[in-house]
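Q: Structure incoming, see below.
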Amino acid sequence: MSARFPDFRLGKVLATSFTGTRSERHGDAVERIPTPNRLVDWLAVSGLAVESCTPAQLERAWELRESIHAAATAAARQDPLPEPAVQVINDCSAQGRAAAILTPEGTRQWRLSSASAVEDALGVIAADAISILAGERDGKLALCASPTCQAAFFDTSQSRTRRWCDMNTCGNRQKKARFHANHRENARSAK
């Protein structure tokens, strides 16, 4: 992976990790997959290795990512799912030809129909999004409490009260801001 791009923010849920490839959506947006090769990198670290990606496939991936984000945001807010987003998710899911396989270690991996089948990888991501949006998995969709992020994430914590998409970024940033604000306030009060 190239050092000139921002790090990936990988989570345990494929679909919401994919939406995290564009972060700080309400601030200075950060695009983590700006090139076809960068999408290849993200797919590889996500267990969906492909040999190559075309600019058209990258655009389709962005379309799927934004559709998942729109649908997940609506679901987290308990709003109706946007029909255009649902259509893109369904189309990508139907176009994929990946198969779940069991490894000797007892884990699931994905076998794509060919090593260059970005559409298969997008189909796996879309199917993951469908399982979350349809309520088939234990957890709930939530939005990051960071005002500049507001990413949709899948909360699987026991209490379902997680506030941040990623504690190491958004959560720490907010805690540091609160600490510094309190420190300034305490310094003013001491005068």
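Q: Please report the projected area of segment 121-166's Cα convex hull averaged over all directions, in nm².
A: If I average the Cα hull's projected area over directions, I get 3.7 nm².
Q: Follow-up question, since we're still on this one. Sticking with the crude label model, points 7 Å out along Cα→Cβ, report the distance from GLU51 to LEU81 in nm, one decimal please.
A: 3.4
Q: Which length gain, in nm to one decimal place, applies between ILE101 and ASN37 when the Cα-Cα distance is subtracted from 0.36 nm times their residue separation?
A: Here the segment from ILE101 to ASN37 would lengthen by 20.5 nm.
Q: How do 89-98, 136-145 rank on mean C-beta neighbours within 10 Å, highest first?
A: Top of the packing list down: 89-98, 136-145.
Q: Using a 7 Å offset from Cα along Cα-Cβ at HIS26, what residues in segment 136-158 end up with backbone N under 15 Å from the label point?
A: 142-153
Q: Could you give the length gained on full extension between ARG160 and ALA94, defined as 0.36 nm per residue of separation minus the Cα-Cα distance, in nm?
A: 20.7 nm
Q: In bins 5 Å wide, starting from 0, what share of all Cα pairs of segment 46-105 does each bin hold, as a percent?
A: 4, 15, 19, 23, 15, 12, 9, 3, 1
Q: Each label point is 7 Å from the Cα along the Cα-to-Cβ direction; what then is the distance between the points at ALA134 and ARG111, in nm?
A: About 2.3 nm separates the two model spin labels.
Since every read-out is calculated from the coordinates, none of them should be taken as a lab result. Keep in mind that what you see is a predicted model, and the values were worked out from it rather than measured. Heads up, the Cβs are rebuilt from the backbone with ideal geometry, glycines too, and the neighbour counts pull from every protein chain shown.
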